[in-house]
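Enquirer: One structure follows; several queries about it will come next.
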Amino acid sequence: MNISFDGKRVLVTGASRGIGKNLALRLSKYNATVIALSKTKKYLDILTKQEPNIQTICVDLRNWQETRQAIKNILPIDLLVNNAGVACLNPFLSVTPEDCDLTFDVNIKSIINVSQVVVENMIERKVAGSIVNVSSQASCCALNDHAVYSASKGAVDILTKTMALELGSHKIRVNTVNPTVTMTDMGKLGWSDETKAQQMLNKIPLGRFAEVDEVTDAIIFLLSNHSSMITGANIPVDGGFLAT
């Protein structure tokens, strides 16, 4: 499949590490103009040393107004990936107000905020666009210690469908990818306990966790014209976990 994003400006949030970093580098190779957003400058500096053509924005997505202004400063944007996310993994009875505020600020409110600015400009320019929100298999099933995280990702899924419904008339597509455990540096650390990992692997028909490139591939497909009739969809990248 021949994919090129030549002439397209792509914003990736949470782009300094993990899936976001991999995606930013891949999109740059496909000739996109990539704008990478993160709150951590040192990781953005590492990214630009690796690929100097990538532009960066350093802003805390929890700050609504500063984020809006930062996005306005780099418009226009043709393609958007809302990848930034946090995971506060505590048993339900141990969930704190701080867990809820942090999780929903980053995992939901930032998607609304960033997307509003980008979409308003897309509509003004009368251009078609594609938005991919990174969700999780945890949006669709109950997992121990995932009460707040799963709730936020469930919200991502229905927000995505609502955006797709409302923005379809403007030729703007909105979809999610819903990965299982993914072998980022953080994923490897979080699932290094063999007993814990095996319990999850036993529920995945393909018998393994996802590699970062496999999640990135799905995002790139949804951004591209090869998915031009797909909107409002949740695409599992889970090795069949949700089929069991």
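Enquirer: Under Stokes-Einstein, with the Kirkwood radius over Cα pairs standing in for Rh, what whole-number D in µm²/s applies to the stretch 1-84 at 20 °C and 1.002 mPa s? Show your work: numbers first, answer last.
Expert: Values: Rh = 12.6 Å.
D = 170 µm²/s.
Enquirer: Of 185, 105, 238, 213, how do they rank once you tally other Cβ atoms within 10 Å and put the fewest first? The partial results should precede the final answer.
Expert: On the way: 185 11, 105 18, 238 25, 213 15.
In increasing order of surrounding Cβ atoms, one gets 185, 213, 105, 238.
Enquirer: If you don't mind, there's one more thing I want to ask. Once Lys and Arg get +1 and Asp and Glu get -1 on their Cβ, which of 204, 218, 121 lies farthest toward the positive end of the dipole of the chain?
Expert: 121
Enquirer: Angle check, please: helix 147-167 long axis (alpha carbons) against the longest principal axis of the chain (alpha carbons), in degrees 0 to 90, nearest 10.
Expert: 30 degrees
Enquirer: When you take every Cα atom in the stretch 156-244, what is the radius of gyration, and what is Dmax, the widest Cα pair distance, in Å?
Expert: Both quantities, over Cα of the stretch 156-244: 15.3, 49 Å.
Enquirer: How far is helix 110-125 tilted off the main Cα axis of the chain, in degrees rounded to 10, range 0 to 90?
Expert: Here the helix axis deviates by roughly 30 degrees.
Enquirer: Another one. Given labels modelled 7 Å from the Cα in the Cβ direction, how far is it in nm from residue 92 to residue 53?
Expert: Placing both labels 7 Å beyond Cα along the Cβ direction yields 5.0 nm.
Enquirer: Could you name the lysines whose alpha carbon sits less than 20 Å from that of residue 39, not counting residues in the same chain fewer than 8 places away?
Expert: Within the straight-line cut-off, residue 39 pairs with 21, 49, 72, 109.
Enquirer: About the Cα centre of the chain, how large is the charge dipole given +1 on each Lys and Arg Cβ and -1 on each Asp and Glu Cβ? Please answer in debye to the nearest 20. Present the calculation step by step, with values, prior to reporting the outcome.
Expert: Numbers: 24 positive and 23 negative charges, 118 e Å.
Roughly 560 debye, rounded to the nearest 20.
Enquirer: Right, another one. By how many nm would the segment from residue 199 to residue 63 lengthen if fully extended, with 0.36 nm per residue of separation less the alpha-carbon distance? Don't skip to the end; give the middle numbers.
Expert: Details: separation 136, 0.36 × 136 = 48.96 nm, distance 3.80 nm.
Extra length available between residue 199 and residue 63 comes to 45.2 nm.
Enquirer: Now, a different point. Taking one equal scatterer on every alpha-carbon of the stretch 106-163, how large is log10 of I(q)/I(0) by Debye at q = 0.12, 0.19 1/Å?
Expert: Scattering profile of the stretch 106-163, log10 relative to I(0): -0.34, -0.69.
Enquirer: Summing -39500 (n - 2.57) over the DSSP H runs of n ≥ 4 in the chain and dividing by its residue number, what mean residue ellipticity at 222 nm do you reach, to the nearest 500 deg cm²/dmol?
Expert: Result for the chain: -13000 deg cm²/dmol, rounded to the nearest 500.
Enquirer: Kirkwood Rh over Cα pairs of the chain into Stokes-Einstein at 10 °C, 1.306 mPa s: D in µm²/s? Walk me through the numbers on the way to the answer.
Expert: Working: Rh = 18.2 Å.
The estimated diffusion coefficient comes to 87 µm²/s.
Enquirer: Further question on the same structure: For residue 40 paired with residue 145, estimate the spin-label separation in nm (one decimal), with each label point 7 Å from Cα along the Cα-to-Cβ line.
Expert: Using points 7 Å along Cα→Cβ, the separation is 1.9 nm.
Enquirer: Which angle between 0 and 90 degrees, to the nearest 10, do you get for helix 18-29 versus the longest principal axis of the chain when only C-alpha atoms count?
Expert: With rounding to tens, the tilt is 30 degrees.
Enquirer: Shifting gears a bit: So for the stretch 142-191, considering every pair of alpha-carbon atoms, how many percent are separated by more than 16 Å? Please list the in-between numbers first.
Expert: Values: 690 of 1225 pairs.
The calculated P(r) of the stretch 142-191 puts 56 percent of pairs beyond 16 Å.
Enquirer: Something else about it: Arranged from highest to lowest average of other beta-carbon atoms within 10 Å per residue, in what order do the peptides 82-93, 19-30 appear? Provide the component values of the computation, followed by the final result.
Expert: Working: 82-93: 17.7, 19-30: 22.8.
Sorting 82-93, 19-30 by mean packing, highest first, produces 19-30, 82-93.
Enquirer: Using only C-alpha atoms and all pairs of different ones, pull out the Kirkwood radius for the stretch 36-97 in Å with one decimal.
Expert: Radius from the Kirkwood sum: 13.9 Å.
Read-outs: derived from the displayed coordinates by stated rules, not from any lab. Model, not experiment: these values are computed from the prediction. All Cβ positions, glycine included, derive from the backbone under ideal geometry; neighbour counts span all protein chains shown.
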